[in-house]
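Q: Structure provided below as structure tokens; questions to follow.
The values are calculated or read from the model by the stated rules, or taken from the named source; none is laboratory data. Owing to the predicted nature of the structure, the values given are computational and were not obtained by experimental measurement. When we count neighbours, we look across all protein chains shown, and the Cβ atoms used for this are built from the backbone with ideal geometry, even at glycine. Just so you know, the surface numbers come from the protein's heavy atoms only, side chains and all, with ligands and any DNA or RNA stripped out. Shrake-Rupley method; radii C 1.70, N 1.55, O 1.52, S 1.80 Å.
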Amino acid sequence: MNGGKIAAVGLLVATVAAGGGMWYAQEYGYYDSIDPATVTLEVATPAGPQPLTIADVQAIDAGSSPLRWRACATVTDLPADAIPFPDATPLIGPRWFDCFDARRIGADLESGAARAVLSVEDIRPDVDRVLAIYPDGRVYGWHQYLDKTPERGVMD
């Protein structure tokens, strides 16, 4: 093998290894499961935050980004006056966290099969916690960047 072929093979191997490492980091490396006993969910109402009674909780988070938090649960006591969250956009999570299907949740929000409510405003700077609530009590949560538009009443 001449030097050019060795260099090309070396570059190919390095590229595949870097790509594999990047995939692993994004899919597994940064996420941690959260102990279900420590997860609490609440919804924002005009009277203030209302805690939810939750069961069947699965949740993940990562310290690398405020947007990596996801949760799946069931609720029994959603307040009727929960504040709606316009333009809710569930973010795709890792494939192994299979209780959270962002594409399905997004389609259900668009069709009206689920409704989005504000859970916690500014859970982190410029990030809101959003919940998608289904009539049967299923709830899915994620963090979403705050929409800083004049219509929402928030400006830089």
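Q: Does segment 111-118 include one or more residues that are in contact (Cβ under 8 Å) with a residue 12 or more places away in the chain, open to solvent by less than 30 Å² (accessible area, probe 1.4 Å), among the aliphatic types (A, V, I, L, M) and in a loop (DSSP other than H, G, I, E, B)?
A: Residues of segment 111-118 that are in contact (Cβ under 8 Å) with a residue 12 or more places away in the chain, as a first pass: 113-118.
From what is left, the residues that are open to solvent by less than 30 Å² (accessible area, probe 1.4 Å) are 114, 116-118.
Next cut, among the aliphatic types (A, V, I, L, M) only: 114, 116-118.
If we keep only those that are in a loop (DSSP other than H, G, I, E, B) as well, we get 114.
Yes, the conditions are met somewhere in segment 111-118.
Q: Going by the conditions given, is residue 60 open to solvent by less than 20 Å² (accessible area, probe 1.4 Å), in a helix (DSSP H, G or I) and on the phi < 0 side of the Ramachandran plot? Reasoning before the result, please.
A: Details: open to solvent by less than 20 Å² (accessible area, probe 1.4 Å): yes; in a helix (DSSP H, G or I): no; on the phi < 0 side of the Ramachandran plot: yes.
No; evaluated as a whole, the condition is false for this residue.
Q: Given the criterion in a loop (DSSP other than H, G, I, E, B) and farther than 21 Å from residue 51 by Cβ, identify the matching residue among 77, 87, 108. Give the steps one after another, and end with the answer.
A: Numbers: 77 fails: farther than 21 Å from residue 51 by Cβ; 108 fails: in a loop (DSSP other than H, G, I, E, B).
It is 87.
Q: Going through 52, 91 one at a time, which residue ends up being over 18 Å from residue 33 (Cβ atoms) and either of a type in the set (Gly, Ala, Ser) or open to solvent by less than 80 Å² (accessible area, probe 1.4 Å) (or both)? So that I can check it myself, show each step before the final result.
A: Numbers: 91 fails: over 18 Å from residue 33 (Cβ atoms).
Testing whether each residue is over 18 Å from residue 33 (Cβ atoms) and either of a type in the set (Gly, Ala, Ser) or open to solvent by less than 80 Å² (accessible area, probe 1.4 Å) (or both) leaves just 52.
Q: Right, next: Pairs please, first residue from segment 64-92 and closer than 20 Å to residue 40 by Cβ, second anywhere and part of a loop (DSSP other than H, G, I, E, B) and of a type in the set (S, T, N, Q), Cβ atoms under 6 Å, 6+ apart in sequence or on different chains.
A: 76/53; 77/53
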